[in-house]
Amino acid sequence: MARIRKEQLSKHHDRAAFDCGVEALNTFIQKTARRQDERHLVRTTVLVDSNRPERILAYYSTAPCEIAPPPGVRAWKKYPHPVPFLRMARLASDLSARGQGLGELALLAAIEDAATISREFTAIGGLVVDAKDQYEKYGFIRIEEDGLQLFLPIQDCITAIA
């Protein structure tokens, strides 16, 4: 039975073999992710099988961001400044691993990262994603009714990993 673990993207991971079926996401992991990680612009985390740790089964990338206080959150109702968040910029699963729940596992790992940052390093408002409807089933809240930006408040991030 495979044991999945998360690791920061490094030289030993086989980026060239990754194929999620979306050219832009493939190009990012194959040609851009390590360079952006080295420049401290984006952190890319990969999910691997502990028996074949060089093979990337899924990945997600995150970066810090600030957004205007989301409407409907009482704690930020009159807050005059942008709120810091962790943004999940990309998430992809290799075609060979489809149907194994690795996309959901990667999302949960990103939620865990947001909770860890808030608990151990600095206050953040939660996790932000730019996506369609699939994230609402995980409790993400649409920032604008017609927009693609959603967020998961930090309290929900902490609860999700507890």
Quiz prompt | From phi via Karplus (6.51, -1.76, 1.60), per-residue ³J(HN,Hα) for segment 19-27 in Hz, x at Gly/Pro | solution = 8, 9, x, 10, 4, 5, 6, 5, 4
Self-check item: 222 nm mean residue ellipticity, helices alone, for the chain (DSSP H n ≥ 4; -39,500 (n - 2.57); rounded to 500)
Solution: -7000 deg cm²/dmol
Exercise. Note down the nm distance, to one decimal, between modelled labels 7 Å out along Cα→Cβ at Ala17 and at His40.
Key: 3.3
Quiz item: Given the options Pro80, Pro53, Pro64, which has the most mean-square fluctuation in a GNM of the chain, springs set between C-alpha atoms less than 10 angstrom apart?
Solution: Pro80
Quiz prompt | On Cα atoms only, tilt of 102-120 relative to the major axis of the chain in degrees | solution = 50
Quiz item: In terms of Cα to Cα distance under 17 Å, which lysines are near enough to Lys31, apart from those fewer than 8 places away along the same chain?
Solution: Lys11
Practice problem: Rounding to the nearest 20 debye, state how big the charge dipole of segment 4-161 is about its Cα centre with +1 on each Lys and Arg Cβ and -1 on each Asp and Glu Cβ. | Solution: 320
Quiz prompt | Nonlocal amide H pairs with Phe85, under 5 Å, H built at 1.01 Å | solution = Cys65, Glu66, Ile67, Gly125
Practice problem: Taking 7 Å along the Cα-to-C-beta vector as the label spot, tell me the Asp49-Glu112 distance in nanometres, rounded to one decimal. | Solution: 2.0
Exercise. Counting only DSSP beta bridges with both residues in the chain, tell me the antiparallel percent, nearest 5.
Key: 90
Quiz item: Magnitude of the Cβ-charge dipole of segment 80-142, K/R +1 and D/E -1, about the Cα centre, nearest 20 debye?
Solution: 140
Practice problem: Set the Förster radius R0 to 22 Å, insert the Cβ-Cβ distance between Lys77 and Gln155 as r into 1/(1 + (r/R0)^6), and round the FRET efficiency to 0.05. | Solution: 0.85
Quiz item: Here are some values of Rg and Dmax of the Cα atoms in Å: (i) 18.6, 57; (ii) 16.0, 51; (iii) 20.4, 62. Which one was computed from this structure?
Solution: (ii)
Exercise. Provide the per-residue ³J(HN,Hα) series for segment 40-51, in order, calculated from phi with Karplus coefficients 6.51, -1.76, 1.60 and θ = phi - 60°, each as a whole number of Hz, with x at glycine and proline positions.
Key: 6, 9, 9, 9, 10, 10, 10, 9, 10, 7, 4, 7
Quiz item: Once both labels are modelled 7 Å past Cα along the beta-carbon direction, what's the Glu7-Asp146 spacing in nm?
Solution: 4.6
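No value in this document is a laboratory result; all are computed from the given coordinates. Values in this document were obtained by computation on a predicted structure and should not be read as measured data. Don't worry about glycine lacking a Cβ; one is built from the backbone with ideal geometry, like all the others, and counts go over all protein chains shown.
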